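Undergrad: Got a structure for you, questions after.
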Amino acid sequence: MSGGWLRDTAVAMVVLALFLAFELAGFRSSSLLDFAIRFATFGLLALSLNLLIGTTGLVSFGHAAYFGMGAYSFGLLMQTGAWSIPAAILAALACTALLALVVGALCVRLSEIYFAFLTLAFQMLLHSVISSWISLTGGDQGLMGGIPKPAFLGIDLAQPSHLAGFGVFCLLLSTVALRQVVRSPFGAALRMIRDNPDRAAFVGLSVFRYRLAAFVIAGTFAGLGGVLMSLYVSGAFPSFAFWTTSGEAIFMIMLGGVSVFLGPLVGTAIFLLLNDWITALTEHHGLFMGTILLILVLGLRKGLLDFIMEHWRARKGARS
Amino acid sequence: MSGGRLQLQNLRKSFGGVVATDDVSLTFEPGTLSAIIGPNGAGKTTLFHLITGKLPVSSGRVLLDDAEITGLDRRDIVRRGIGRAFQVANLFPSFTVAHSLAAGLMAHEGRTASLFRGFPPKDIAARAEEVMELCGLTHLAATESRHLSHGDQKLLDIALALALSPKVLLLDEPTAGMGPDERWRMIERVHKLWEARGLTLVFIEHDMDIVFRIAQSVRVLRYGAVLAQGTPEEMRRNPAVIEAYLGAEHAL
Amino acid sequence: MDLTELGGCLSSLSCMVTQTAAGLTIGMLLFLVASGLTLIFGVLGIVNFAHGSLYMMGAYFALAAYGVSGSFVLAVVAGTLGAALLGLFMERFLLSRIYGQDVLMQLLVCYAVILILDDVVKIVWGGDFRSMGVPDELRLPPFIIGGGIVPYFYAILFAVTAVIAAALAWGMGRTRFGRIVRAAAINPGMVGALGINTTVIYAAVFAIGAGLAGAAGALSAPIRSVVPGAGVSILIESFIVTVIGGMGSIGGALAASLILGFTRSFGSIGFPLFVEGAMFAIMALVLILRPSGLGGKRGS
Amino acid sequence: MSLGKKGAMGRRVLLGGTGAAAITGFPNIAFTQPRQPIKVGMPTILSGRVAQLGISSRNAIQIEVDRFNAEGGLDGRPIELIVRDSRGTPAEAARLAREMISSDGCEFLIDGEPSSGGFAVHEVVRETGTVTLHINSETSSLTADPRQRFWNAFRVARQGIHDSIAGGAYAANIAKTRNLRRWMTVSPDYAYGRDTTAEFVEYLKHFYPEVQVTGETWPRLFQPDYTENITRLSQGRPQAIYSCLWAGDLVTFTEQASIFGLFAQSSVFAVNMADYTTLQQIRNLPRGVHSGNRYLKNFPNTPENLAFATEYNRRFNTFPTNWSWQAATGAKLLMTALRQVGGTDPRQVAAKLKGMVMDSPFGADGKVTMRAEDQTLVGYAIGWGVTLSQEPYIEGMAPIEWSTIFQHEAEWKRSKGWS
């Protein structure tokens, strides 16, 4: 059964090779590179959030906290000048996992509505800590002075093309990893808990432990998204940990779909294109995005891919 | 695989001031098939909740093979060998039948912590296959639970409990909500399972024809207390039971 | 930490009077918003993440009405009714379509409403902050009680919010509607079975909850700037109140609002840098010790 | 130019979903016209709580751009201004900056972000080498810290340290004459509030060492209610209070403080009060609050300044803000440099900007200077005055001498190890 894992890795490597070949062949445009980096960043945020929402049934409204935590801890470590990028990334992910562990331990026991807004509340707490702990974080002005990007293994992240390649690599790696998580026995346990926590407990699962583990894993991958974000803007800002970032992540998932594994990535792409298009068109961003969201939620009642898949299955079912 | 002895000693449960279970002492011998009957609100389901740890007991003890399991976490109680199926099928709606059983098996054996294997592993899939065979669900292996018929959902619920190889299996109204034909098919199936596995089986049932056809012994509850117990024949002669519950129709 | 300062305040009558009055006023305004939130949750099982936006709309409606009429009373009425109507619209046309679906849908609908209302406000009233100012007829010298200052307008705010809270308590406890609402909160199916139209109850409860938020927005418009996006910080505090007080419990909401009000007023003297943190700490403590909140039912 | 066009084309086709071929972009000769406009990109905040400031920057720049184009542009090439909304998020500001440069083909950026977004844009143009004028970031380190400095970025805005020196000097003067020794501060709890307050206090004490700060209270940014902060201030019974709250927060604070009688109890120094958006929104503006100038049409009291305010008011029906004069100055500096160079070569334009002295309605003596050593604007009008309850809202504006500012700024830089 681990064949699925190997196949995913192979697919991911082909995608990465194609992307790099494109770059190396000189078919690069900086807007494509920018898009690739942002796609990798927000794709990680949305994909990891869906491990909670889609797989475990935990609707978190505070996922941006881990995104912000990843960005800040990475940025701060790099600014000390004593860390290499890979080491700092690992350390930043460890910090994020720790935060997720603490918040998760307080939140995952709660019923879903409590859970949604407690995660929101803890995110706002982190946001206000970041804004007020100026000596460490620079407050609302963010981490200043840029983030040093010493080259490692021949990769120089100060170059947009390298950064884009690295971002895509991280996203692919995480996609394979998260897909394996969902497909593994562990993932089956998460889905059991989502479907029916009561029965899951009766067959011997510790609902608390599995939820907490999912929360920490999701937080950690969101942290990696934050690391990429801080590399992209060469800094970290309190808005990374603001509730609007969480709102956007949920929006992305909704655009794509919760039940299809790659749905959040499709949603991320749609969201980014939509966002860029609307920003270029109007300053009434909220009005447009809000209306689109309402149409989607009240009209389709599910994500785009969910909707398409269901139709496709229904048609297939009708034919057979 | 063989059945275990389940003993309830002076079990009490009250909610606020209301007594739901009143000093219940019962013993279910290994490998027996017993029915619990009683009017609505007699505390039958509550009793199951107490045995399986879904509700904490107010006082009294629950013993499985002479080891106390009172107050244990419900997961541990399941591990010790008490399985349970529910009055309303309690399933994992998005799982197929085969995957439900496989997931249940893995969870039970503490093998769901693995991140690196696939799901379900071959050995587990084979065992799930066995259970499906036993329960007559093989032809539905690839159907998602939520798309099953009512009867098949109840059957899967039992299969899920059975998959965990319990020593004692508690069935809460296995035939609830079924038509007469379906009922009998179901009860035959249950009877076969009991024979095949040799476990201690306790079921709550309202259909007296079923009870008197298959149960070896019957316990009658009323107002949370044990009104009477004995063989079906004894119960059908017991005036208190007839008056309280059976009525003339089932009396001998 | 400045606990000697707090001690000094607690032993000084003037300081006690000022801080108590301030805490009561802050707490009661918060209560209006949070009680609406908790009422809606109790009956409809919906967490209205857009509740802060209704508060904001109440303030804007009040601003508009005040601009036209020059009467603060009319402004408060307009803010309350405007927000109630908006809430009615929101419940009927948006939220009622997603009853019985999971929290994600509620969250998304409310998120969309927040986005849209913030922009609508910007289009109608401009993106800039606005201010109503305390009306001249209410701009009277503060009361001096035992050397402590209680601003005249705050006294009015407290009186009005206390009357609203009392009316709410009476309405929930003594009227047929209140009994139905409480029954609906316990078991929606049962109320339907009694032949009472739950649709009407739901709409009415949402409108009342929205109206309470609107009233708070309108009442505080004279002393707080009115600005797009003003709802968010209120929303977070209302959440904290609902968690501390227990979801669905109005009495709990009152107690929790006052606790937060006093934490703010006395905390700003005793631990000025930890006021926000203290609110979260109280919340975390309640969650650990009594997860269903001060007024919540256990085990549900 | 055509390079940027390719990118834009590529993205459009990509949006259309035609697939991978589009990514390469097609050489598009049809777009390459001889009289192409000079594209200037401007990321700023057009929605959310400080939208009005972003809009007021855009308005002011539009006035300057229209004038430049009406005068024939740069040898017939008009300026095309591309303004986009970052919604106040730094990541979005960075993205917009990149997109404007790579996809829209903007040759220059006028960065209309406040400090947070400004630093994000700063990092982008450090990489791309696009000539950029930050018009709204007041944080001193943006230009004062040599590590932040590179050839193509300039600040055309107030600088925090200038404001603090000016404020400290002014407040010390008042404090000496009235013997105000016990001070308290109330400022928003974020970097701007903390830094500005610390620097103000430092210079206040420098000019008048007898001052003691007996207490401080830090409301959070956009806090809806200030009651607890006000009661705290009123308990402390200070002789004077300093605040760098701004905009809506300052309005709320003022309304609440005045019903507590705080303005009767203590002298108040609120650096951000003298801004029309704030002044006009406070219904009961207390008399006698000391404030630094943000933008006032009568300070400097010159026909040019009044003409700017009148023109702005005619077109947009409001009055300019602090961000407006900065934006107008930034646009004017860029255009002057373009005309002097006679082209758009970034190195040449940057070289011209460095050290440029330009006539300006907002200069302390009719001129402003883009100081060469740290690429920041100096010589703008800076002063403090006292509020009135109605127009012209502020009286007795006392200009602060730039020589004083320069002297203390140099010491400050040395103390930071930045010179």
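Undergrad: Given only helices, namely DSSP H runs of n ≥ 4 each adding -39500 (n - 2.57), what is the per-residue ellipticity at 222 nm of chain D, to the nearest 500 deg cm²/dmol? Let's see the in-between values first.
TA: On the way: 16 runs with 196 residues, N = 419.
Helix-only estimate at 222 nm: -14500 deg cm²/dmol.
Undergrad: With a 1.4 Å probe and all protein chains left in place, how much of the accessible area of segment C:3-289 comes from carbon and sulfur atoms, in whole percent? Spell out each step's value before the answer.
TA: Working: 6960 of 9570 Å².
Accessible surface attributable to carbon and sulfur in segment C:3-289 totals 73 percent.
Undergrad: Between chains C and D, what is the buried accessible area summed over both chains (1.4 Å probe, protein heavy atoms, nearest 100 Å²)? Before the final figure, lay out each step's value.
TA: Numbers: alone 13910 and 17210 Å², together 27860 Å².
Using a 1.4 Å probe, the pair buries roughly 3300 Å².
Undergrad: Moving on to the next point. For chain A, what is the calculated [θ] at 222 nm in deg cm²/dmol (nearest 500), taking -39500 (n - 2.57) for each run of four or more DSSP H residues and dividing by its residue count? It would help to have the intermediate numbers written out before the result.
TA: Working: 14 runs with 235 residues, N = 320.
About -24500 deg cm²/dmol.
Undergrad: Assign one of three labels to chain C, namely rounded, prolate or oblate, based on the Cα gyration tensor with a ≥ b ≥ c the square roots of its eigenvalues; rounded applies when a/c is under 1.5, prolate when it is not and a/b is larger than b/c, and oblate otherwise.
TA: oblate
Undergrad: Right, here's the next one. Within 10 Å of each Cβ in A:290-296, how many Cβ atoms from other chains are there, averaged over the peptide? Intermediate values should be presented prior to the final figure.
TA: Details: counts 11, 4, 2, 7, 10, 1, 2.
Other-chain Cβ atoms within 10 Å of each residue's Cβ, averaged: 5.
Undergrad: Specify whether the C-alpha gyration tensor of segment A:213-320 places it in the rounded, prolate or oblate class, a ≥ b ≥ c being the square roots of the eigenvalues: rounded for a/c under 1.5, otherwise prolate if a/b is larger than b/c and oblate if not. Walk me through the intermediate numbers first.
TA: Details: a/c = 2.51, a/b = 1.43, b/c = 1.76.
Since a/c reaches 1.5 but b/c is at least a/b, the shape of segment A:213-320 is classed as oblate.
Undergrad: Right, here's the next one. How big is the accessible area of B:His99 in square angstrom, nearest 10, if you roll a 1.4 angstrom probe over the protein chains?
TA: Counting only protein heavy atoms, B:His99 exposes about 60 Å² to solvent.
Undergrad: Using only the heavy atoms of the protein chains and a 1.4 Å probe, how would B:Asp76, D:Asp365, D:Asp374 rank by accessible area, largest first? Can you show the working numbers first?
TA: On the way: B:Asp76 60, D:Asp365 120, D:Asp374 0 Å².
So, going from the largest accessible area down, we get D:Asp365, B:Asp76, D:Asp374.
Undergrad: Taking only DSSP H segments of four or more residues, each worth -39500 (n - 2.57), what value at 222 nm results for chain B once the sum is divided by all its residues, to the nearest 500 deg cm²/dmol? Mind dumping the intermediate values first?
TA: Values: 8 runs with 87 residues, N = 252.
After summing the helix terms and dividing by the residues of chain B, the value is -10500 deg cm²/dmol.
Undergrad: Right, another one. Using a simple spin-label model with points 7 Å from Cα along the Cα→Cβ vector, what separation in nm is obtained for D:Ala351 and A:Ile270?
TA: Here the modelled spin labels are 5.3 nm apart.
Undergrad: Mind checking the per residue accessible area of segment A:2-241 for me, 1.4 Å probe, whole number of Å²? Mind dumping the intermediate values first?
TA: Values: 7390 Å² over 240 residues.
Normalised by residue count, the accessible surface of segment A:2-241 is 31 Å².
Undergrad: Suppose we flag trypsin sites (Lys or Arg not before Pro) only when DSSP calls them loop and at most 13 other Cβ atoms lie within 10 Å. Which is the longest uninterrupted stretch of chain C? Write down the numbers at each step before the final one.
TA: Values: sites that count: C:Lys297, C:Arg298.
No qualifying site falls inside C:1-296, the longest such stretch.
Undergrad: Let me ask something additional. Compute the accessible area per residue over segment C:3-289, keeping the other protein chains in place, probe 1.4 Å, unit Å².
TA: Details: 9570 Å² over 287 residues.
Heavy-atom accessible area per residue stands at 33 Å².
Undergrad: Mind checking the mean number of beta-carbon atoms from other chains within 10 Å of the Cβ atoms in B:97-103? The partial results should precede the final answer.
TA: Numbers: counts 0, 0, 3, 5, 1, 2, 9.
Whole-number average of other-chain Cβ neighbours for B:97-103 is 3.
Undergrad: While we're looking at this one, here's another question. Applying a 10 Å radius around every beta-carbon, put D:48-61, D:298-311, A:42-55 in order of their mean neighbour count, most first.
TA: Numbers: D:48-61: 25.4, D:298-311: 16.4, A:42-55: 27.9.
Taking the mean over residues of other Cβ atoms within 10 Å, the ranking is A:42-55, D:48-61, D:298-311.
Undergrad: Using a 10 Å cut-off on Cβ to Cβ distances, tally the other chain neighbours for every residue of C:132-138 and report the average as a whole number.
TA: That works out to 3 on average.
The values are calculated or read from the model by the stated rules, or taken from the named source; none is laboratory data. All values derive from a computational prediction rather than experimental measurement. Note that we place each Cβ from the backbone using ideal geometry, even for glycine, and neighbour counts take in every protein chain shown. Surface areas here come from the heavy atoms of the whole protein model, side chains and all, with no ligands, DNA or RNA. Shrake-Rupley method; radii C 1.70, N 1.55, O 1.52, S 1.80 Å.
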